[in-house]
Each structure stands twice: as structure tokens, then as C-alpha cells.
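Note sheet for the following structure.
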Amino acid sequence: MNHTSTAERIIRGLLLTLVLLFFLFPIFWIFLMSFQTNEDILRIPPSLFFTPTLENYVALISGRLSTVAGDLDIAFMRNLWNSVLLSSLSVGVALILGVPAAYAFARFKFRLGENIAFTLLSFRFAPPLLVLLPLSLYFSELGLSDTYLGLVWVYQLIALPLILWIVRGYFEDISPDIENAYRIDGHSWAKTFRKIAIPLARPGIAAASLLAFIFCWNNFVFALVLASADKQPVTVGALAFVTASGIQYGQVAAAIVLSVTPTLLLALYAQRYLVEGLSLGAVKG
Amino acid sequence: MSIEAVKPPSPGLDTAGQAPVITDAGNTSARTALHLDAVDKFYGDPANPAVHAVKSFSMEVAEGEIVALLGSSGCGKTSTLRMIAGFETVSRGEIKLAGRRIDELRPAKRNVAMAFEGYSLYPPLTVRDNIAFALKAAKLEQGEVDRKVDHIADLLEIETILGKYPSSLSGGQQQRASLARALIRKADLYLLDEPMSQLEPQLRSVLRGRIKSYLIEHGLTSVFVTHDQTEANALADRIAVMEDGVLQQIASPAELKDRPANLFVATFIGEPPMNVFPARLADDNGHLHVVVEGEGAAAGFTLDLGEVSRPAGSRLTGGAAVHLGVRPHSVSLGRGGNKGLLVSNQWLGDQTHVVIEAAGQTMVAVSYGRVDEQVGAEITFSLSPQAIHLFAQDDGRALLHGTEAVG
């Protein structure tokens, strides 16, 4: 091994460490904060040494937030459950609608097909605030405000285009003759879709679902406007930690840890699919 | 069944009227397996189609017959095959198979097997399972399935890859596996899309023979697409030559070579291609001549058609503008009164290809010995009036085939 390559290795290691520090330190610090009292957190200078406490987690799980000004009820666990429910339902609905649509866009040329697909994609880059005001009016008119149904419906703006475009790229990657061979062997179109196309596109479907799930989970503004406390996800529920007597940093940190954990675990588990699925979708979409 | 028995009657020449297309339509015997009746394929808006891929294509394929669809890429041969399979809709016309109309049926209901050119194997299954897929679905006994798969794998030399997955195979191996998967099935018709395009030449010629014997032995009716004349000649009982979506001629390989229906078929079939000279007919007191005009310094030449028998109703008359076609093998070198300039002289090991400039045109001649003349030298050649073809200059239709050109 010569000098340059050693130097290269050192520099590379150094740069990697810097990048990792930059991205992981906040997470690490929040993790520490979640086991500290507000006093420990606000101490100057900050210290790595403290007596860990589970108080923050207890407060979140029991739903009683103790502040200097007195006890407050918070619905954090309910918010967390809402997040899980809304995100999973939205992805589920988007899969049921989006996967067959993606297949249709990938396999068949039809009038206005590209326009429809592009319109659906454009929902992704339209700012939500643009549609929120009319939406909230429609929703209160239709009785959809503050319902899971309404939220899942609006979340399709997030999930459906993602599923549609990523899975479409995946379907386009499958040689049509694989399906044709199966069809000519005596199987119906629907069975070919179920038995051949979907299993072959599974990594893409998994990646798209995961991504859609994370995007739904992270959404803030739709639920803020269109739902009230008992239907709101964690992103909105976190506002409750800003109380009259100050911000409860310990509980906020614990809440962040709890709300990030599900998506983080999912993402770690499905990393492989995510990279593969997204790069394929990007090339072919 | 004997292959001879299903050959169509010899096509007439210009007596056949307008259509250069020669089919055996009207032969409605019970043995007709596949019948395409004036099939069209448009892509895009039906009222104003962007692409007219197949134009009024009609043909009949007898039971047990092997027909090749031959043409350059984009001629509509693959579209035709995919319409028969049901992967493309038929824009106009009818397709009948085994006595029932199939063009409205979905592929699953047509009872057709197909071998694909490209990726068509199901990736999660091994080659063996891919080939056996249809048999297993048909609830065949496992021992029987294995026996059949082994037999067909042996035939196509893919025994060693039966346990492998499609992603680890070469293009040629995938093709053979796809072919095996099609041939192992029981179907009314076998469609093969460029079945051997990715094989090595040596293997290709071996497999051609085996596939042909297999098809004949089992009496399988098949239609295959190819752009390779050699393959079409070797495998097919009849070849349908297509160009620009139009069926130019459907006939046996020998018939295509000896009696091409038009100038396109004449120049498309045969290697090296037929030489073509613009010419005119001259009537010398009832004695017809073909006159090829010289150009500049190059002298023209004349052929006496006196001895050539002409078909009844022939419209050969003096003054007619024609194309004179001469196959390279029919040009005799080193004798006769015609002179040309030797442009190239290539000894290919068993034959010589020479290029001669004559009457302002380049002409290829094939000789089975060496040609001694040097490039740049003058060379004499002769054309036998019995070995020529004449085509109308306006529509390219065949007017006359010399008797020596036939056979």
C-alpha cells in the first residue's frame, strides 16, 4: 500500500466521520435529551453526564404533562396511533388504486394517458397551501372535516403519485413477453397481472409503499387544518408541547424518539428495496 | 402427412391479373389450419392511422405446414405474428384457426403456442420449471412431464441449463428455453418469433434440422418470423415475403427463387442479389429483343427472346419499358460478345464473386472457378435469354421467367 492511498483513506475516513457527525449528532443528542429533565437540558454548559430519567416517556404514555404551571392532558399516544392509522390506510388505498393504474400506464397506450399520469404527478409538486382553503370549505360542506376518511382521501395527494410513478417504472422494466408467454399458455389478463406482473414488481411496490408511508407520516399541514385534536397525527400533536409555561424539551425529545422510531425501523429494514426501487423508477419513469 | 401434398398450385404469371400477391386462397379443404383473410393493422387513430403496419394480408396455412414470414425489419411480419397470437388487435379482417374465428378471442383462448425472441422466461422459476409450466398446469403426471422436458431439452441442447435461472442465461439459451416451452405444449398452431436469431451459426444450422424434423414428425402447424433467408429456406415449406406491410408473394423457396412474382421478391431473395438493368423491348418483325441501352462510353447489349417460350396472355410487346433481371449465377464469364470492366474480383474459397461494370451499371457475377482477369481489365460475358427475368417497369410485376432460370 503506497502513501497516496493511505492519505486517501485517512481523508475519506475523516470526511465520512464529519458527514456522519453532521447528520447523526442531532439524533443522538435528542435521544439523550429524551432521558433528561428540562433543567438538565437547559444547563449551561451542556453536559453528557446526567441522571437518566424515564419521566418524559411516562408523561407521554400516561398522557399527563407536568409543567410548572400545573398538569396538562396531552393526547400523544392517540396522535401516534393516528399517524400509524392514517399513513397505513393511505398507503393501502393508494396501492389498491395506484398499482393497477401504474400497470395500465406502463402497458397500454390510451388517449390522454400521458396527460393523466402527469396531472397525477403534478399533485406532488403543487404546494398544499394552494388547495387547503378550498379543500377545507369543501370538506366542511361534505362533512368530511375531522374524519379519517377525509384525511385518507387528502393523503392520496401524497401517496398516489409516488406509488403510481415508481411502480410504473418497475412494470415498464418487465419484458411484456414474460406476461405474453403466460397469457398464451391459457391464462386470463387478470391472472397474469396477479401472478406475474405484481410478484415481479414487488421490490418496486415495496419501495414505493415505504416512501409513501414516510411522506404521509411526515405530513403536517393537511391534518393541522382539516382535523381536530383527536384525529391529528404526531406531527401536529407535537404542537401541544409548546405550553404556556415554556417548551417541554424533554417531552418533545421523547416524542420525537417515539415518532421517528417506526419510520426509521421501516427504512432501515427496507433500505435495499428503497435504493433499488427508486433508482429504477427514476431511470424509467 | 407429406409436405408435397400441401404445396399450393403454381402461381400464374402476369395472367393472374392485378395482384402480385399469390395465395392459395380458395383452397378451403378441411386441412386448412390457419386462415388470415384481408387482415389490416393500423396504429393510432383508425380514421387517420399514423402507421399502417400490415395491409390486407391474406394467407392460408395447411395443417402440418411450416410457413415463414420473411422480410426486413419493419415490414410488418412481427405485427402479423402478434395479431395471430392475440397480443395485437386486428384492425380489420378475420383470422381463423382450426375452423373457428380467433381474432376476437383473447390469447388464452386461441390454443396457440409461441416462442419469443427476447426475454420471456419467468425469472423466479428455473429453466426446467419454465418449460414444464404449461404441462403442470394441464395436470400432467410428474414422470411424464420430466420425460417430455428432458426429451425437448436434449433436442435443443439445453440439458445442462435446466437447473439454472433465466437471469444467468445467454440470449441464445433463453431463446432455446422459450422455444422448448412452446414446442412442448399441445396447440393448434406454433408461432416462432425469430426463434434462432441469437444462436451461433453452427448451432443454428444443427437446430434448424432438428426443429424441422420435430415439427414434421409431430405434424405441427407453424408460422415463424425471420429476416434470415437461409433460415426461411431451410425450415419452411412456404415463405411469405413481406415488404412495407404488404405480402409480396407466398410460395415454396424454389418457386420464390425461380418465379419471383415481382421485382422486390426477385431482388430480395437470393445471395448475391439479382442484377437489374432498366431495359426496353424491341419488336423486330415479330421477333422480340430486350435492349439494354449503353451509357456514355459503356456499350449496351441486346438479347434475343425468340427462343424463349412465353406464357399465354403475355403482355410482352415491343416498346414496353421493363427491368431485366439476371441472377449472378446465370452470368457466364469469359465468352460471348458483351464487354464490361472488371471492378472487383474476390475468390471466396469455393467460388468467385466478380463485379463488372456493364452498360453503365454494376453487375455481380458468380463463378465456381477462379477468374484470371485483373481488376481494371476488360472482361467478356454472356447472358442466356433462357436465364433471365423480365419485370414491368411501372409496377415491378413479373412478365417473364426464362426456362433456365427455373429449376
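Only residues that are in a loop (DSSP other than H, G, I, E, B) and either of a type in the set (Val, Ile, Thr) or under 17 Å from B:Leu97 (Cβ atoms) (or both): list them for the range B:175-198, please. Residues satisfying the conditions are B:Ile184, B:Arg185, B:Lys186, B:Ala187, B:Asp188. Within the range B:154-175, one or more residues are buried (at least 20 other Cβ atoms within 10 Å of the Cβ), without any contact (Cβ under 8 Å) to a residue 60 or more places away in the chain, within 14 Å of another protein chain (Cβ to nearest Cβ) and not aromatic (Phe, Trp, Tyr). Considering (1) more than 30 Å from B:Ala47 (Cβ to Cβ); (2) within 12 Å of chain A (Cβ to nearest Cβ), the lone condition that B:Thr89 does not fulfil carries the number (1).
Residues that are in a helix (DSSP H, G or I) and within 13 Å of chain A (Cβ to nearest Cβ) are absent from the range B:205-221. Go through the range B:358-407 and give me each residue that's of a type in the set (Phe, Trp, Tyr) and either surrounded by fewer than 16 Cβ atoms within 10 Å (Cβ to Cβ) or under 12 Å from B:Pro278 (Cα atoms) (or both). Within the range B:358-407, B:Tyr368, B:Phe391 qualify. Is it the case that B:Ile102 is touching a residue at least 24 places away in the same chain (Cβ under 8 Å) and more than 9 Å from chain A (Cβ to nearest Cβ)? The answer is no for B:Ile102.
Would you call B:Ala387 small (Gly, Ala, Ser) and farther than 24 Å from B:Lys257 by Cα? Judged against the criteria, B:Ala387 is not a match.
A search for C-beta distances below 7 Å between a residue of the range B:373-395 that is part of a loop (DSSP other than H, G, I, E, B) and any residue that is surrounded by fewer than 18 Cβ atoms within 10 Å (Cβ to Cβ) and not basic (Lys, Arg), counting only pairs 6+ apart in sequence or on different chains, returns B:Val375/B:Val343; B:Val375/B:Ser344; B:Ser384/B:Glu404; B:Gln393/B:Pro278; B:Gln393/B:Ala321.
The rows are residues; the columns are (1) surrounded by fewer than 14 Cβ atoms within 10 Å (Cβ to Cβ); (2) at pLDDT below 90; (3) farther than 20 Å from A:Ala190 by Cα.
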residue: A:Leu85; (1), (2), (3): no, no, yes
residue: A:Leu95; (1), (2), (3): no, no, no
residue: A:Asn115; (1), (2), (3): yes, yes, yes
residue: A:Leu133; (1), (2), (3): yes, yes, yes
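Looking only at residues in the range A:171-217 that are more than 14 Å from every other protein chain (Cβ to nearest Cβ) and aliphatic (A, V, I, L, M), the one that is surrounded by the fewest Cβ atoms within 10 Å (Cβ to Cβ) is A:Ala206. Given the condition part of a loop (DSSP other than H, G, I, E, B) and without any contact (Cβ under 8 Å) to a residue 60 or more places away in the chain, answer yes or no: does some residue in the range B:241-263 qualify? No, that holds for no residue.
Search the range A:135-170 for residues being more than 14 Å from chain B (Cβ to nearest Cβ) and either among the aromatic types (Phe, Trp, Tyr) or on the phi > 0 side of the Ramachandran plot (or both), and hand back the single one that is surrounded by the fewest Cβ atoms within 10 Å (Cβ to Cβ). Here the answer is A:Gly143. With modelled with pLDDT under 85 and not aliphatic (A, V, I, L, M) as the only criterion, which of B:Pro311, B:Pro328 stands out? Result: B:Pro311 is the single residue among B:Pro311, B:Pro328 that is modelled with pLDDT under 85 and not aliphatic (A, V, I, L, M). Residue count for the range B:109-123 under the criterion of being assigned to a loop (DSSP other than H, G, I, E, B) and either of a type in the set (A, V, I, L, M, F, W, C) or at the interface with chain A (Cβ under 7 Å from one of its Cβ atoms) (or both): the result is 7.
Tell me which residues, restricted to the range B:264-278, are farther than 21 Å from B:Glu231 by Cβ and either of a type outside the set (A, V, I, L, M, F, W, C) or part of a loop (DSSP other than H, G, I, E, B) (or both). Within the range B:264-278, B:Asn275, B:Pro278 qualify. Each residue in the range B:353-372 was checked for being touching a Gly at 6+ places or on another chain (Cβ under 9 Å), assigned to a strand (DSSP E or B) and over 24 Å from B:Val291 (Cβ atoms), and 1 pass.
The values are calculated or read from the model by the stated rules, or taken from the named source; none is laboratory data. What you see is a predicted model; the values in this text were computed from it and never measured. Methodologically, a virtual Cβ is constructed for each residue, glycine included, from the backbone with ideal geometry; neighbour enumeration extends over all protein chains shown.
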